[in-house]
Amino acid sequence: MTSTPAEPAWQRLSPRMLLVHPLHEALRELPLLIAVVVFGSATDNSVWVVAVVWVIAVVGVTRWFTTTYRIEPDPEAGRVQLRSGLLRRKVLSMPRNRIRSVETDTRLLHRLLGLTVLRVSTGQQAAGDTVFELDAVESSQVPRLRKILLAHTGQAAASGPEPGRSAVLARWQPSWLRYSALNLSGLVTIGAAMGALYQSGAWAALQDSPLSRTWRDAAERFGAPQTAAVGAGVVLAAAIVLAVLRSALTYGNLVLSRSFGVTGDVLELSHGLLRVRHHSYDMRRLRGGTLRRPLLVRLLGGARLDAAMTGVTGAGESSVLLPPCPRATAEQVLTGLVADPVAVTGPLRRHGPVAARRRWTRAMMLPGALGAGLAVTAAVDGVPVWYWSLWAGLTLGAALLAADRVRALGHRVDQHWLSARTGSWEQRRYCIATAGIIGWTVHQSWFQRRAGVATLIAATAAGVKAYRVLDVPEEWAWSVAAQASPWVAHSKWAR
Amino acid sequence: MVDPTNPPSSRAPLVWALTGAVPWLVFAVLQLGWAVADQRLEWLHVGAVAVTALGLLVSVVIAPLWRYRVHRWDVSDQAVYTRTGWLVQERRIAPISRVQTVDTYRGPLDRLLGLANVRVTTASSAGAVHIVALDAPVADRVVAHLTDIASLGTEDAT
């Protein structure tokens, strides 16, 4: 070992993890545990059970002994390192000046013991083994560690700890839950539960039980359509309750704030009722944001807000800044972040009749094909009238979607921001800083070339990486790019 | 924007045709085996042969020639600019100042025919520019030129 006196000592995680690890290990080896218990009770030999439980507990405990971390003192040249593994030792090491965000995550068990998981991420995407995760440190240590780890992001790191200015941008309100009521996640959960029930054979057992027989009798007395309606109502109500519950647990107590302190300009987001998560984002990584307004949320006047940051995955939970909330709140927060109201709510330039025609053609393709099929079938041997009414309903729905898509489509560009809006079912309007755009693609399918339109794609390192402007007239495509990026306007190919 | 001007290698259609032919030839061999083993359902055999012939025509003759007419590339001191595709066409431009890596890659067929592809990546996974099917010396020159002017790694380019 070549350790100089300047080198910091390796530190262990919180000793309270000695309680958590065996339990987590037991949960992870649950199938094995169940098998052993069943085997043990079948053979009347409980020694096995005790032995296996011991092994699992010891493996869990060794995790604590084998995991150590250290933070080298120099915020620019120093590294943070994490050593772990019993048989296969590994050292994860990252330069401190590459740290872009620090996240914390407090699951229920951790929370009861006053522990917090701390996750450090650089610009690169990390998964599985390469995640730098301190699982776990004492919660009281977190502010100190966060300050150390993000020290390099601040200009005033040397000027000592001054109480930073901090402004709350948005605070969760119970009334936000109404936007989650129409979420389909509840239905999905119920479907998954039913599937599991069916798979495990519990369904068959239920069908023979006296309980289900009395239910079936009641249903027969009630009449089939009524029973079906009641069943659908029950499922729908359960789905709504589940969706609202899930939203409340995940996003309850959400606070989004921005602080200017020793660690620079940082955006802080914390949320969760039981499992509390906290993210800090370096504002210099912000390249814009996306207002998402899914149809079911839009009907109630709501919107969601996603951040476009370099080094943060653009899709899914990691980029969420605000869950479904009143539209005004989401717009206000995004306006505050990008400091340009026009980019967020300003009027958009429409894409013209060709783009509109393409929306209609696409939406009418399926109803058209179905209608033709129905007409042929009707000519050959007739179809019931309600088939036609179903078809008419589908066609009307498709037409409404198409009209809404046409209405949504548009973009605006100036030298600082590119904004565009698309979609109906999943409507989104993004704004992206033109300084963050590092490539342009003009994409044309054969149909688009014949119609004289093109899809313009702005490539950035942030968010979902590719931001599209759908079906602009092809003569506009490069002028939009040129307006946003001077290096396009001044290139030798520009006319 | 005017289109970029430099065409790919004159052997580019050949390499595209060979690459395009491989899956269809595999399909043809399978068909031959099937025809030897089982002669019933004649119409199905005829249909399969027609599909294979059409596939070969499109991927060996039409697509490579079409591609050769579309594919163009150019490099200036500020940007890399390419035009690619046949049915679906793309024009892509990336600024040299934001380039992260420049490298060449060559498949077995490329090596056989003395071709190379240049890949220019930026920090965005949606923004990589590929200049495909160049003569190997041209590709080397492009890479040398790009690494020269790109001054790689001076900032973090996001």
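The values are calculated or read from the model by the stated rules, or taken from the named source; none is laboratory data. Since we're looking at a predicted model, the values are computed, not measured. FYI the Cβ positions are ideal-geometry reconstructions off the backbone, even for glycines, and counts take in every protein chain you see. Note: areas computed on protein heavy atoms with side chains; ligands, DNA, RNA excluded. Shrake-Rupley method; radii C 1.70, N 1.55, O 1.52, S 1.80 Å.
Which condition from (1) part of a helix (DSSP H, G or I); (2) within 14 Å of another protein chain (Cβ to nearest Cβ); (3) of a type in the set (V, I, T); (4) out of contact with any His (no Cβ under 8 Å at 6 or more places or on another chain) is the one that A:V406 breaks?
The failed condition is (2).
Being over 30 Å from A:L273 (Cβ atoms), open to solvent by 80 Å² or more (accessible area, probe 1.4 Å) and within 29 Å of the chain's Cα centre (by Cα): is that true of A:R98 here?
Considered against the rule, which asks whether it is over 30 Å from A:L273 (Cβ atoms), open to solvent by 80 Å² or more (accessible area, probe 1.4 Å) and within 29 Å of the chain's Cα centre (by Cα), A:R98 comes out as yes.
Based on this model, can you work out whether A:P22 counts as buried (at least 17 other Cβ atoms within 10 Å of the Cβ) and either assigned to a helix (DSSP H, G or I) or charged (D, E, K, R) (or both)? Step through it out loud before you land on a result.
Values: buried (at least 17 other Cβ atoms within 10 Å of the Cβ): yes; either assigned to a helix (DSSP H, G or I) or charged (D, E, K, R) (or both): yes.
For A:P22, the condition - buried (at least 17 other Cβ atoms within 10 Å of the Cβ) and either assigned to a helix (DSSP H, G or I) or charged (D, E, K, R) (or both) - is met.
If a residue must be more than 23 Å from B:V60 (Cβ to Cβ) and part of a strand (DSSP E or B), how many such residues does segment B:109-123 contain? Step through it out loud before you land on a result.
Within segment B:109-123, the subset more than 23 Å from B:V60 (Cβ to Cβ) is B:118-123.
Next, only the ones that are part of a strand (DSSP E or B) stay: B:118-121.
Selection size over segment B:109-123: 4.
Within segment A:213-229, identify whether any single residue is free of Cβ contacts under 8 Å to residues at least 24 places away in the same chain and not in a helix (DSSP H, G or I), and answer yes or no.
So in segment A:213-229, the residues free of Cβ contacts under 8 Å to residues at least 24 places away in the same chain come out as A:213-229.
The next check asks that each one be not in a helix (DSSP H, G or I); those that pass are A:223.
Checked segment A:213-229: at least one residue is free of Cβ contacts under 8 Å to residues at least 24 places away in the same chain and not in a helix (DSSP H, G or I).
Please determine whether any residue of segment A:20-29 is free of Cβ contacts under 8 Å to residues at least 60 places away in the same chain and more than 21 Å from A:G85 (Cβ to Cβ).
So far as segment A:20-29 goes, no, none of its residues is free of Cβ contacts under 8 Å to residues at least 60 places away in the same chain and more than 21 Å from A:G85 (Cβ to Cβ).
Looking at (1) within 9 Å of chain A (Cβ to nearest Cβ); (2) hydroxyl-bearing (S, T, Y); (3) free of Cβ contacts under 8 Å to residues at least 24 places away in the same chain, which is the one condition that is false for B:Y81?
It fails just one condition, (3).
Of the residues A:A481, A:A462, A:A477, which single one is under 27 Å from the mean Cα position of the chain (by Cα), at the interface with another protein chain (Cβ under 10 Å from one of its Cβ atoms) and open to solvent by less than 10 Å² (accessible area, probe 1.4 Å)? Reasoning before the result, please.
On the way: A:A481 fails: under 27 Å from the mean Cα position of the chain (by Cα); A:A477 fails: under 27 Å from the mean Cα position of the chain (by Cα).
Of the residues listed, the single one that is under 27 Å from the mean Cα position of the chain (by Cα), at the interface with another protein chain (Cβ under 10 Å from one of its Cβ atoms) and open to solvent by less than 10 Å² (accessible area, probe 1.4 Å) is A:A462.
Just checking, does segment A:74-86 include any residue being part of a helix (DSSP H, G or I), closer than 19 Å to A:D135 by Cα and without any contact (Cβ under 8 Å) to a residue 60 or more places away in the chain? If you could, list the steps in order and put the result at the bottom.
Our first condition is that a residue be part of a helix (DSSP H, G or I); within segment A:74-86, this holds for none.
Checked against the condition, which is being part of a helix (DSSP H, G or I), closer than 19 Å to A:D135 by Cα and without any contact (Cβ under 8 Å) to a residue 60 or more places away in the chain, segment A:74-86 yields no hits at all.
Only one residue in A:W493, A:W487 is open to solvent by 40 Å² or more (accessible area, probe 1.4 Å), over 31 Å from the mean Cα position of the chain (by Cα) and under 24 Å from B:A150 (Cβ atoms), so which one is that? Explain how you work it out, then say what you get.
On the way: A:W493 fails: open to solvent by 40 Å² or more (accessible area, probe 1.4 Å).
Just a single option satisfies the conditions, and that option is A:W487.
Within segment A:421-442, can you find the residues that are of a type in the set (S, T, N, Q), within 14 Å of chain B (Cβ to nearest Cβ) and within 23 Å of the chain's Cα centre (by Cα)? Explain how you work it out, then say what you get.
Filtering segment A:421-442 down to residues of a type in the set (S, T, N, Q) leaves A:422, A:424, A:427, A:434, A:441.
Subsequent filtering for residues that are within 14 Å of chain B (Cβ to nearest Cβ) retains A:434, A:441.
Scanning segment A:421-442 gives no hits.
Within segment A:263-278, count every residue that is open to solvent by 20 Å² or more (accessible area, probe 1.4 Å) and of a type outside the set (S, T, Y). Before you say what the answer is, go through the steps one by one.
Keep residues of segment A:263-278 that are open to solvent by 20 Å² or more (accessible area, probe 1.4 Å), which gives A:263, A:265, A:268, A:270, A:273-278.
So of that shortlist, the ones also of a type outside the set (S, T, Y) come out as A:265, A:268, A:273-278.
Summing the residues that are open to solvent by 20 Å² or more (accessible area, probe 1.4 Å) and of a type outside the set (S, T, Y) in segment A:263-278 gives 8.
Let me spell it out: the conditions are (1) more than 9 Å from every other protein chain (Cβ to nearest Cβ); (2) free of Cβ contacts under 8 Å to residues at least 24 places away in the same chain; (3) open to solvent by 20 Å² or more (accessible area, probe 1.4 Å), and B:W73 meets all of them except one. Which number is the exception?
Going through the list (1) more than 9 Å from every other protein chain (Cβ to nearest Cβ); (2) free of Cβ contacts under 8 Å to residues at least 24 places away in the same chain; (3) open to solvent by 20 Å² or more (accessible area, probe 1.4 Å), B:W73 breaks only (2).
Could you say which residue among A:V453, A:V406 is under 23 Å from A:G346 (Cα atoms) and β-branched (V, I, T)?
On the way: A:V453 fails: under 23 Å from A:G346 (Cα atoms).
The conditions single out A:V406.
Filter segment A:443-459 for residues that are within 7 Å of another protein chain (Cβ to nearest Cβ) and closer than 23 Å to A:D340 by Cα and give the result.
If the condition is that a residue be within 7 Å of another protein chain (Cβ to nearest Cβ) and closer than 23 Å to A:D340 by Cα, then A:I457, A:A459 are the ones that fit.
Suppose we keep only residues that are without any contact (Cβ under 8 Å) to a residue 24 or more places away in the chain and within 28 Å of the chain's Cα centre (by Cα) within segment A:443-458. Which one would you say is nearest to B:R91 (Cα to Cα)?
Once the filter is applied, the top-ranked residue is A:H443.
Restricting attention to segment A:339-378, and to residues there that are small (G, A, S) and exposed (fewer than 15 other Cβ atoms within 10 Å of the Cβ), which single residue is farthest from the chain's Cα centre (by Cα)? Give the derivation first.
Looking only at segment A:339-378, we keep the residues that are small (G, A, S), and these are A:339, A:343, A:346, A:352, A:355-356, A:363, A:368-369, A:371-373, A:375, A:378.
From what's left, exposed (fewer than 15 other Cβ atoms within 10 Å of the Cβ): A:339, A:346, A:368-369, A:372-373, A:375, A:378.
On the way: A:A339: 24, A:G346: 26, A:G368: 36, A:A369: 36, A:A372: 41, A:G373: 41, A:A375: 44, A:A378: 47 Å.
Checked segment A:339-378; the qualifying residue farthest from the chain's Cα centre (by Cα) is A:A378.
Of all the residues that make up segment B:90-107, how many are open to solvent by less than 20 Å² (accessible area, probe 1.4 Å) and at the interface with chain A (Cβ under 7 Å from one of its Cβ atoms)?
3
Out of A:G336, A:G289, which single residue is more than 21 Å from the chain's Cα centre (by Cα) and small (G, A, S)?
On the way: A:G289 fails: more than 21 Å from the chain's Cα centre (by Cα).
The conditions single out A:G336.
Might you check whether a residue that is within 14 Å of chain A (Cβ to nearest Cβ), closer than 30 Å to B:W24 by Cβ and part of a strand (DSSP E or B) occurs anywhere in segment B:133-151?
So the first thing to find is which residues in segment B:133-151 are within 14 Å of chain A (Cβ to nearest Cβ), and the list is B:149-150.
Imposing the further condition that a residue be closer than 30 Å to B:W24 by Cβ reduces the set to none.
Looking for residues that are within 14 Å of chain A (Cβ to nearest Cβ), closer than 30 Å to B:W24 by Cβ and part of a strand (DSSP E or B), one finds none in segment B:133-151, hence no.
Could you name every one of the helices (runs of 4 or more DSSP H) located completely within segment A:306-384 that has at least 2 residues being under 23 Å from A:G397 (Cβ atoms) and modelled with pLDDT of 95 or more? Before the answer, list the steps.
Details: elements: A:327-338, A:341-345, A:352-381.
Those helices (runs of 4 or more DSSP H) span A:352-381.
Output the residue which, of all residues in segment B:108-125 that are open to solvent by less than 20 Å² (accessible area, probe 1.4 Å) and without any contact (Cβ under 8 Å) to a residue 60 or more places away in the chain, is farthest from the other protein chains (Cβ to nearest Cβ).
Per the criteria, the residue is B:A116.
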